[in-house]
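The values are calculated or read from the model by the stated rules, or taken from the named source; none is laboratory data. Being a predicted model, the structure only gives us computed values, none of them experimental. Quick reminder, even Gly has a Cβ in these numbers, built from the backbone with ideal geometry, and neighbours come from all protein chains shown.
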Amino acid sequence: MVQDIRKQEYYYGTGKRKTSIAKVRLYQGQGNVITVNDKPMEEYFNWSFWQKTIKYPFELTENLGKFHTVVKVIGGGVSSQSEAIRYGIAKALLLYNDGNRSLLRKNGLLTRDARIKERKKYGLKRARRAPQYTKR
C-alpha cells in the first residue's frame, strides 16, 4: 500500500525549528494517518502534547482526516522535531488551499521561529559567559 501512495500527487512543505528539518508530504484522501520516519506518529512521538502540536494545523483548517501524511525528520530533539513538522504541515496546507493563509497566519503557524543556539566565541567559556574577573 505504501508504494501505491508514493506514486500519487502530494502537497509538500519543509519545516525547520532549531536544528530539526522536517520534509512533509500530504497525500489526499487516505484517512487520518501520520507516518514519521516510517513509524506511526503515536509510536515516534509518545507524549500526547507532541501529537497535538503536529495535528494542530489540520484541526485549525478543518482538514483532520483528509490526508495521509508522510514525514521525514532529522536533527534536533523531539520537541523541536514536532514543531518543525507542524510548520511543514502548515506550509503544505497552503499549497492545498491558499484560503487557509489568514487563519494559519493569525494563529502563528506560518512564522519561522529563527531562534538557534549561539556559537561559542574565543576567549569566552561559552557563547557569552566570560571568565570570572578577579581584582586582586
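Does G76 fit the bill of being closer than 22 Å to R112 by Cβ, outside any loop (DSSP other than H, G, I, E, B), touching a residue at least 24 places away in the same chain (Cβ under 8 Å) and in contact with a strand residue (DSSP E or B) (Cβ under 7 Å, 6 or more places away or on another chain)?
Considered against the rule, which asks whether it is closer than 22 Å to R112 by Cβ, outside any loop (DSSP other than H, G, I, E, B), touching a residue at least 24 places away in the same chain (Cβ under 8 Å) and in contact with a strand residue (DSSP E or B) (Cβ under 7 Å, 6 or more places away or on another chain), G76 comes out as no.
Return the residues of the range 85-110 that are in contact (Cβ under 8 Å) with a residue 24 or more places away in the chain, surrounded by 14 or more Cβ atoms within 10 Å (Cβ to Cβ) and among the aliphatic types (A, V, I, L, M); say none if nothing qualifies.
Matches in the range 85-110: I85, I89, A90, A92, L93, L94, L103, L104, L109.
Which of (1) crowded, with 21+ Cβ neighbours inside 10 Å; (2) at pLDDT below 95; (3) under 15 Å from the mean Cα position of the chain (by Cα) does G76 not meet, given it meets every other one?
Going through (1) crowded, with 21+ Cβ neighbours inside 10 Å; (2) at pLDDT below 95; (3) under 15 Å from the mean Cα position of the chain (by Cα) one by one, G76 breaks only (1).
Answer yes if at least one residue in the range 58-72 is surrounded by 11 or more Cβ atoms within 10 Å (Cβ to Cβ), modelled with pLDDT of 95 or more and farther than 22 Å from Y10 by Cβ, and no otherwise.
no
Within the range 116-136, take every residue that is more than 31 Å from the chain's Cα centre (by Cα) and under 30 Å from I21 (Cβ atoms) and give me the one that is surrounded by the fewest Cβ atoms within 10 Å (Cβ to Cβ). Outline the logic, then answer.
Filtering the range 116-136 for residues more than 31 Å from the chain's Cα centre (by Cα) gives 122-125, 129-136.
Still in the running and under 30 Å from I21 (Cβ atoms): 122, 124-125, 129.
Values: Y122: 4, L124: 11, K125: 11, R129: 10.
Here the answer is Y122.
Go through the range 3-71 and tell me which strands (runs of 3 or more DSSP E), entirely inside it, have 2 or more residues that are closer than 14 Å to I85 by Cα and touching a residue at least 40 places away in the same chain (Cβ under 8 Å).
On the way: elements: 10-17, 20-28, 33-36.
Strands (runs of 3 or more DSSP E) meeting the threshold: 10-17, 20-28.
List pairs: first residue in the range 111-123 and touching a residue at least 60 places away in the same chain (Cβ under 8 Å), second residue part of a loop (DSSP other than H, G, I, E, B) and surrounded by fewer than 11 Cβ atoms within 10 Å (Cβ to Cβ) anywhere in the structure, Cβ distance under 8 angstrom, at least six positions apart or on different chains.
K117/A127
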